[in-house]
1. Alpha carbons only, please: Rg and Dmax for region 14-174, in angstrom.
2. What ranking do 105, 130 get, fewest neighbouring Cβ atoms within 10 angstrom at the top?
3. Using the Kirkwood formula over every pair of different C-alpha atoms, what hydrodynamic radius in Å results for region 39-124?
4. Looking at the square roots a ≥ b ≥ c of the eigenvalues of the Cα gyration tensor of region 121-162, which shape do they give, rounded for a/c under 1.5, prolate if a/b is larger than b/c, or oblate?
5. Between region 94-128 and region 9-71, how far is it from one alpha carbon centroid to the other, in angstrom?
6. Could you compute the FRET efficiency for residue 71 and residue 32, with r as their C-beta to C-beta distance and R0 at 35 Å, rounded to 0.05?
7. By average Cβ neighbour count within 10 Å, what is the ranking of 44-54, 25-35, 65-75 from highest down?
8. Of 56, 161, how do they rank once you tally other Cβ atoms within 10 Å and put the fewest first?
């Protein structure tokens, strides 16, 4: 392979939540370019709630996700397709993960509700902690019965407020949705 193996997962390593089993995972690529998923037992992280995005996400197996996102508090509009689900996206820095910003996105309703409560607390208290972000821990997981079966709902709590880590200093990257791009094809050039 003349160009070598790809490094990185999209633009950022990931933090994932599986509502079916209540597990959080860090997702990275190893030195060989292979994806490694590691379970997180004691989740603690800086959450960039100041840049929380909500909107529409489509996760397809074997393909990059499709996002149509806006800042929290704005109208998300209509879903771009019947396969997009309402979701959220934010950047985090896990405890002990110095130098790495992770993307955390999900369409799980239980996670949405948990982050919504956390964001409300953030908004109520951010004026007392100017320029800082919340350092958050997973306080508990609860089983929730739904029509589709049992899922887990996390409860987060703000442990402290910290100066924005350098890893979270840049604005979140925008992920383009190829379906939304207006592309004009140029006329074919004669050979």
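1. 15.6, 45
2. On the way: 105 22, 130 7.
Fewest-to-most Cβ neighbours within 10 Å comes out as 130, 105.
3. Values: mean 1/r = 0.0719 Å⁻¹.
With all distinct Cα pairs of region 39-124 included, I get 13.9 Å.
4. Values: a/c = 5.00, a/b = 2.91, b/c = 1.72.
Because a/c hits 1.5 or more and a/b exceeds b/c, region 121-162 counts as prolate.
5. Rounded to whole Å, the Cα centres lie 12 Å apart.
6. On the way: r = 37 Å, r/R0 = 1.07.
FRET efficiency, residue 71 to residue 32: 0.40.
7. Values: 44-54: 21.0, 25-35: 12.3, 65-75: 15.7.
Per-residue Cβ counts within 10 Å, averaged per peptide and sorted highest first, yield 44-54, 65-75, 25-35.
8. On the way: 56 22, 161 17.
Ranking 56, 161 by Cβ neighbours within 10 Å, fewest first, gives 161, 56.
None of the figures in this text is laboratory data; all of them are computed from the coordinates on show. Since this is a predicted model, take the numbers as computed values, not measurements. Virtual Cβ from ideal backbone geometry, glycine too; neighbours counted across all protein chains shown.
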